[in-house]
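Trainee: First the structure, then my questions, so here it is.
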Amino acid sequence: MVGSISELYTDYKKRLMEVDSMEQDLLSVTDKSAWIERLRKKSEIIRAYYRVTEDELGTFIRPILEGKEELDAEAAGQFYLGAYDYFMNVMSDEMLESQIFIKLWDYFHQQGNEYYERACKSAFSSSPFLNVEGELQRLGMEQADWVSGFVVQIEHLQKLHQSDGEFERDVQRIMKTIEREYEMESEKFEPNVNRLIACFNKMSRIRKYRGSFSDEVWAGLQDMLARTGKDVLFMASLFWDQLEEGKQQEIGPALPLGFLEELPKPMEQRNLQPFVGYAVYAFRTGQLSAEETYALLRGYWKSVKKELDFTKPEWREQTENSRFYLIRHAARPMLQMIEAFSCGAAKKQQYKAELLYEIKMYIETIPRECACKDYLDQALYHLLYDLIPYIDDESVALELIDGMTISRQLATLIHTVMTARLCELVLEPMLEKHPELFCEALGVTDPQEVLRRKNELHHLLYYAARVHDIGKILIANIINTQIRRLTDMEYSYIRLHSKWSYEILNRNPKLSAYAEIALGHHKSYDGSMGYPASFDNTKSRYRILIDILTLCDCLDAGTDKLGRNYVPGKGFREMLAEFEQEKGKRYRPELVELLQNDRQLAETLAEVTSEEARTELYYKIYRQYR
C-alpha cells in the first residue's frame, strides 16, 4: 500500500509496465510448458495488482472524485504532476488522468489560477477517449473551445505572466489545443470541412502577434500553421461538395498553386496533400476525368516509398508523405474514381481488387504491437470505414476486417475465435431440435428447407461471431490496459462497441446480416435489458442467431480464467445455473433447455471452456499473433 498520491501514480505506472512486459514475454516464449507457466503467473499477478490498486484508489482517488473529500493545495499539486505525467507519456487513463483533470480545473478556477486551469483543460482535450463519440468528447470539445478562445487575448496573457518562458508555454498550449480541435473534427468518419476551416482561421489569428515571441517559438507556431493550412486545403478537396459556395470560390484558386509547386519535382519528392488534393479537386470541378485523376493518383501511389517505424512513438509525428498517410487518405478517392470509370463492372471490380490487395498487404506489414497503438487502431478503423462500401466480394471484406481490426487486438481475437467455436457447437443440435426457429433468418417457411440450407446458417453465425466485436478496436487498447475497476464512463464506451461494429458492417449491403447480429448481441432475449436501447432485437429476422451469439458470448466471458478477468472464471455448470436463472428474460428458453438436456453437448461445451482447452487455444493464437 502506497503512502501518497505521488507514490500511487508512480507505482500504478510500474504495475502497468510490468503487466505489459509479461505480455511481451508471452509473445516471445516458444517452449509450451514455460509459456503456460508464465500465462498463469501473469493472470495471478494481474488479480493481485487489481486488489492492491483498488485499495489505493479507495484511499486516495475515489473520495476526491466522489466529492467525499476536498482538494487542498498539496493534494492538487500531487494530482497535477501525476496526471500531467500520464498525459505526457500517453497513458490514456480515464480515471487517473481525465477525471482528475476535471476536478483540478474546477479547483484552479476557484483559486483564480487561470494558467493551471487552462493547462488542465488543454491536457484533458488531448485524451484519446475524445476521438470517439460520447460525453467525454462533448466535454472535451467544449473545454478546448474555451482554451482556444484565448488566442485573441495574447496581450492579456503577456501581462499575466511573470516570465517570457511561461507566457510562451501558455500560448503554445493554446495553439496545440486549437490543433487538437482540428484533429477531433478531421478524425470523424465524415468530418465537417467548414468547421475545419473555422479552426484554421482561429489558429491564424496568432499571426498578428509576431513580435511577442522568440524566433524559435515563432518558427514552431508557423510550422503548425503551414501544416494545418495544407491539411485544410486537402480536406476541402476531399469533401468539396460540403463547402459553402463562398468558401469554394475562396479555396479553389489556392489548390492549383500548391499543385504547380509540386509538379516540377520528381514523383517521389512530391508532397502528398497538394498533389492529391488538386487532382481530386480537378475531378470534382470537371477539369479531369475519373480515369485521368486515377492515373495521376496511381502514379503517385507507386512512387511513395517513405516507411514508418511503428515501434517508436515519434512515428505519429512523421506520417507526412509516408505510405501509411497515403493509404489512409488517398484510398477512398481512388476507389471513388474507379466507381466513376466509364468501363464495365467487371473491369472496375478488377481495378478495385488490385488496389484493395495492395492495401491488405501493406497493413500486414504493420506490427500488431507498436507505439501509440490506440491512435493506429483508430486510424485503421477509419480506413476500414472508407474501404468497406467499395468491396464487392464478401470473403474479401471479411478478410480485410479481420486483418485491420480483430487480429490486431489479441484479447478480442481470442474471444471471437472462442465464441465462434461455441456458436458452431450450439447451432447444430439446435437446428435438429428446432429448425422452425430459423425459418425467418433464411426467409423461408418450411423447416425442411432450413435443414437443407443449414450450411448457410453455419456460415452466417460463425462469421457473425468472428466480427461481432470489431467496434472494440476503438477503445480496447485504452481499456484493456487497466488493472483496476473500470469507471462508469469507460463502461459507457464499452456499451457503444456493438453500435460501432454495426456502423462498419452496415456500410456494405453484403454484410448487413452480420451488422444486425452484431448490433443485438448485448440485448436480452425479451428485449428489456442490454444495449443499444434503440435496437429491438425481438423484431429482428435474425433473432435466433442473436440469441445464440448472446449466450455463447456470455459463456466464453464467464468461464475465462486466463484473460484479464479480475475475479476467477466460473465453471460450465455454474454458468448453466445462471442461464437457468435468467431463462426467458436474458436467455432464450429453448437454448437453455438444450444445454440442460443434451448431455453430449453439455460435456463438449464444458470441455471446450475448461482451463486446459482454453490454455491450448491461447497458446495457439499467441503463436499465430507473433
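The values are calculated or read from the model by the stated rules, or taken from the named source; none is laboratory data. Keep in mind that this is a model prediction, so the values were computed, not measured. Because the Cβ atoms are built from the backbone with ideal geometry, glycine has one as well, and the counts that use them run over all protein chains shown. The area values use the complete protein model at the heavy-atom level, side chains included, leaving out ligands, DNA and RNA. Shrake-Rupley method; radii C 1.70, N 1.55, O 1.52, S 1.80 Å.
Trainee: If I ask for residues that are open to solvent by less than 40 Å² (accessible area, probe 1.4 Å), under 17 Å from residue 209 (Cα atoms) and out of contact with any His (no Cβ under 8 Å at 6 or more places or on another chain), which ones from segment 151-188 would you list?
Mentor: 151, 154, 157, 161, 165, 168, 171, 173, 174, 175, 178
Trainee: Criterion first (touching a residue at least 40 places away in the same chain (Cβ under 8 Å) and open to solvent by 60 Å² or more (accessible area, probe 1.4 Å)) does residue 421 satisfy it?
Mentor: Yes; evaluated as a whole, the condition is true for this residue.
Trainee: Still on this structure, I have one more. Consider segment 493-539. How many of its residues are in contact with a strand residue (DSSP E or B) (Cβ under 9 Å, 6 or more places away or on another chain), open to solvent by less than 10 Å² (accessible area, probe 1.4 Å) and either modelled with pLDDT under 95 or polar (S, T, N, Q) (or both)?
Mentor: 3
Trainee: From the list 274, 191, exactly one residue is in a loop (DSSP other than H, G, I, E, B) and surrounded by 13 or more Cβ atoms within 10 Å (Cβ to Cβ). Which is it?
Mentor: On inspection, the qualifying residue turns out to be 191.
Trainee: Now for a separate question. Among the candidates 587, 622, which residue alone is among the hydroxyl-bearing types (Ser, Thr, Tyr) and more than 25 Å from residue 543 (Cβ to Cβ)?
Mentor: None of the other options fit; the residue is 622.
Trainee: Six or more apart or on different chains, Cβ under 7 Å: which pairs go from a residue in segment 287-302 that's closer than 14 Å to residue 263 by Cβ to one that's among the charged types (D, E, K, R)? Could you list them?
Mentor: Listed by first residue and then by second, the contacts come to 300/270.
Trainee: If I ask for residues that are open to solvent by 10 Å² or more (accessible area, probe 1.4 Å) and outside any helix (DSSP H, G or I), which ones from segment 389-406 would you list?
Mentor: Correct list: 392, 393.
Trainee: Inside segment 329-388, can you point out the residues that are open to solvent by 20 Å² or more (accessible area, probe 1.4 Å), in a helix (DSSP H, G or I) and among the hydroxyl-bearing types (Ser, Thr, Tyr)?
Mentor: Across segment 329-388, the qualifying residues are 351, 357, 375, 385.
Trainee: Could you check segment 481-491 and list, in sequence order, the residues that are open to solvent by less than 40 Å² (accessible area, probe 1.4 Å) and not basic (Lys, Arg)?
Mentor: Residues of segment 481-491 that are open to solvent by less than 40 Å² (accessible area, probe 1.4 Å), as a first pass: 482-484, 486-487, 490.
Residues satisfying the conditions are 482, 483, 486, 487, 490.
Trainee: Taking segment 463-480, which residues are in contact with a Lys or Arg (Cβ under 9 Å, 6 or more places away or on another chain) and open to solvent by 10 Å² or more (accessible area, probe 1.4 Å)?
Mentor: Listed by number, the residues that qualify are 477, 479, 480.
Trainee: I need a count of the residues in segment 234-257 that are among the aliphatic types (A, V, I, L, M) and open to solvent by 50 Å² or more (accessible area, probe 1.4 Å).
Mentor: Total meeting the criteria: 1.
Trainee: Determine which member of the set 28, 21, 4, 33 is exposed (fewer than 14 other Cβ atoms within 10 Å of the Cβ) and within 15 Å of residue 82 (Cα to Cα).
Mentor: So the residue among 28, 21, 4, 33 that is exposed (fewer than 14 other Cβ atoms within 10 Å of the Cβ) and within 15 Å of residue 82 (Cα to Cα) is 4.
Trainee: Just the residues that are of a type in the set (A, V, I, L, M, F, W, C) and open to solvent by 20 Å² or more (accessible area, probe 1.4 Å), please, taken from segment 131-150.
Mentor: Listed by number, the residues that qualify are 139, 141, 146.
Trainee: Are there any pairs, at least 6 apart or on different chains, whose C-beta atoms fall under 8 Å, with the first in segment 229-252 and under 20 Å from residue 275 (Cβ atoms) and at pLDDT 90 or above and the second of a type in the set (A, V, I, L, M) and outside any helix (DSSP H, G or I), and if so, which?
Mentor: Between residues of segment 229-252 that are under 20 Å from residue 275 (Cβ atoms) and at pLDDT 90 or above and residues that are of a type in the set (A, V, I, L, M) and outside any helix (DSSP H, G or I), the close pairs are 236/243.
Trainee: I need every pair where a residue in segment 173-192 that is touching a residue at least 24 places away in the same chain (Cβ under 8 Å) has its Cβ under 6 Å from the Cβ of a residue that is open to solvent by 30 Å² or more (accessible area, probe 1.4 Å) and not in a helix (DSSP H, G or I), sequence separation at least 6 or different chains.
Mentor: Note: pairs meeting the criteria are 180/126.
Trainee: Go through (1) assigned to a helix (DSSP H, G or I); (2) modelled with pLDDT under 90; (3) of a type outside the set (Lys, Arg); (4) touching a helix residue (DSSP H, G or I) at 6+ places or on another chain (Cβ under 8 Å) for residue 177 and report which single condition fails.
Mentor: (2)
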